[in-house]
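A.B. asks: Dropping a structure here in structure tokens format, bear with me for questions.
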Amino acid sequence: MGNLSDADVLSSSLKATSQGPVFSYTTQTGLNLEDENKLLRETVHQLKEEVNKYRTPALMLADVVDLVDGKAVIKIPNGNKFLVEIANHVQNVNPGHSVLIEQKNLTVVDKIETNTKFHVEKFVIVENPQLPWNQVGGLSSQILEIKEVIELPLTKPELFKKVGITPPKGILLYGPPGTGKTLLAKAVASSAHCTFIEIVASELVQKFIGEGAKLVKEIFELARAKAPSIVFIDELDALAARRVELGTSGEREVQRTFMQLLAELDGFKPLDNVKIIGCTNRKDILDPAILRPGRLDRLIEVPNPNKEGLLEIFKIHSNAMRFQTGFTINKFIDQLQECSGAEIKAMCTEAGYFAIRENRTTIQEQDIRKAIRKVKKEEKHSEDYLRMFG
């Protein structure tokens, strides 16, 4: 018999239907006509949905400011406000909600639930530090002060009620870079068993009007939700510098954000379980409003360590290091004067590298000597650069 065409096979199949068993026609892909037709319909449907996505215009995100006679007053990202209609299917729209609006006539077409916590935590670091006090060296007087102001009100608030005084709302740590200001803040958070929220002040200044102030408000709401907590604002001078009349829009936005921070500090209850720790290297340029009693009450200077402090810091950073027999850091203590804790740590690291280069696991005096020379030289180059270009 010769080869049958597709038409012959289909004809045979139809004839067999009335006479006995049904034989379905099979295509070259192994699917019968019904299955292939179903697959093609699904593919066409998916392609139509994809085309519709490209044709659908984008929606804008806005915030509802107020409701007036069944209409909504919205604020779009550039700061402008409009009175717009609300689509009938959108229910329970209230001031403060985030909504989607149509671009041409700005009609509210949907309401969305924004994750405020996720938005805030993009700008802050939230953690529960595990840093004991014995890992902070050379700052005994500063540790005592920060315990009195931050730790005691969080762990023993009833003590202040009995004495009849109101504990400070926050403190300011100031001093040269690398002296342990951040370590103090983390250590007191660990000791008080509370949440540590770290903010870089420069990130609080946002592009659009009001965004920075809103972010500050949400950060303090997060702090209250995670209380007891400590809000640590690093590089405070980036936000709280002395206000001047420059007249630029950027400077005015910084001032709005700063004023929101002042309002949050003033709004705290006397024995609230949220404390503020500010940190700066430039106390001289801070605005007096942030330093007055009732906001950052206690000003704690964190200077470079003295001789005893240098020995404590070196012992902490070299605890896991192996030294040659008879080694003592007292031989080099005079060379370490005016060094910060960060520089001591860098010296220990560099000494370890010098030993590794010679395939040794024991640190010798010459390694420490080279490390001190290297770190001091880098420090001098940095000072010369600032003197020339600063």
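Each reported figure results from applying straightforward, stated rules to the coordinates on display, with no laboratory input. Every value quoted in this text rests on a predicted model; they were computed, and no experiment measured them. Here Cβ is always computed from backbone atoms with ideal geometry, including for glycine, and neighbour counts include all displayed protein chains.
A.B. asks: Can you compute 3J(HN,Hα) from phi for each residue in the stretch 339-351, using the Karplus curve 6.51 cos²θ - 1.76 cosθ + 1.60 with θ = phi - 60°, rounded to whole Hz and x for Gly and Pro?
C.D. replies: 8, 8, x, 5, 6, 4, 4, 5, 5, 4, 5, 5, 4
A.B. asks: Find how much the distance from D69 to Q366 grows on full extension, using 0.36 nm per residue of separation minus their present alpha carbon separation; answer in nm with one decimal. Mind dumping the intermediate values first?
C.D. replies: Working: separation 297, 0.36 × 297 = 106.92 nm, distance 8.18 nm.
Taking D69 through Q366 to full extension adds about 98.7 nm, to one decimal.
A.B. asks: Taking square-rooted eigenvalues a ≥ b ≥ c of the alpha carbon gyration tensor, is the stretch 59-114 rounded, prolate or oblate, where a/c under 1.5 means rounded and, failing that, a/b exceeding b/c means prolate?
C.D. replies: Working: a/c = 1.19, a/b = 1.15, b/c = 1.04.
Since a/c stays below 1.5, the shape of the stretch 59-114 is classed as rounded.
A.B. asks: List the residues whose amide H sits under 5 Å from the amide H of K111, counting only those 5 or more places along or on another chain, with H placed 1.01 Å from N in the peptide plane.
C.D. replies: Here the answer is L100, since their amide H atoms fall under 5 Å of that of K111.
A.B. asks: Take each of the peptides 141-149, 367-375, average the number of other beta-carbon atoms within 10 Å over its residues, and list them starting from the highest.
C.D. replies: Details: 141-149: 17.0, 367-375: 19.2.
Going by the mean number of other Cβ atoms within 10 Å, highest first, we get 367-375, 141-149.
A.B. asks: Here is a follow-up. If amide H atoms are built 1.01 Å from N in the plane of the peptide, which residues on other chains or at least 5 residues away come under 5 Å of the amide H of D297?
C.D. replies: Under 5 Å from the amide H of D297 lie the amide H atoms of K169, G170, each far enough along the sequence or on another chain.
A.B. asks: HN-Hα J couplings of the stretch 296-307 from phi, Karplus 6.51/-1.76/1.60, θ = phi - 60°, integer Hz, Gly and Pro as x?
C.D. replies: Values per residue, Gly and Pro as x: 9, 6, 9, 9, 10, 7, 10, x, 5, x, 7, 4 Hz.
A.B. asks: Cα convex hull of the stretch 257-367: how many Å³ per residue? Each step should come with its number before you reach the end.
C.D. replies: On the way: hull volume 18.9 nm³, N = 111.
Given the Cα convex hull of the stretch 257-367, per-residue volume reads 170 Å³.
A.B. asks: Under the √(5λ) rule applied to the eigenvalues of the Cα gyration tensor, what semi-axes describe the equivalent ellipsoid of the stretch 119-301? Give them in Å, descending.
C.D. replies: Details: eigenvalues 135, 62, 53 Å².
Rounded to whole Å, the semi-axes are 26, 18, 16.
A.B. asks: Can you pull the Kirkwood radius for the stretch 307-389, inverse mean 1/r over Cα pairs, to one decimal in Å? Walk me through the intermediate numbers first.
C.D. replies: Working: mean 1/r = 0.0752 Å⁻¹.
Result for the stretch 307-389, one decimal place: 13.3 Å.
A.B. asks: Moving to a separate point now. So, by mean Cβ neighbours within 10 angstrom, what's the order for 306-319, 77-90 with the highest one leading? Intermediate results must be reported in sequence, preceding the final value.
C.D. replies: Working: 306-319: 17.4, 77-90: 12.9.
In decreasing order of mean packing, 306-319, 77-90 become 306-319, 77-90.
A.B. asks: I would also like to ask the following. Which lysines, if any, have their Cα less than 24 Å from the Cα of K315, not counting same-chain residues under 8 positions apart?
C.D. replies: By straight Cα distance, K315 reaches K147, K181, K186, K307, K331, K345, K370, K374, K376, K377.
A.B. asks: Taking θ = phi - 60°, what integer Hz values does the Karplus form 6.51 cos²θ - 1.76 cosθ + 1.60 yield along the stretch 128-133, in sequence order, with x for Gly and Pro?
C.D. replies: 10, x, 10, 10, x, 5
A.B. asks: Please rank D110, D266, D237, fewest neighbouring Cβ atoms within 10 Å first, as an exposure proxy. Could you put the intermediate results ahead of the total?
C.D. replies: Working: D110 13, D266 10, D237 21.
Arranged by neighbour count, lowest to highest, D110, D266, D237 become D266, D110, D237.
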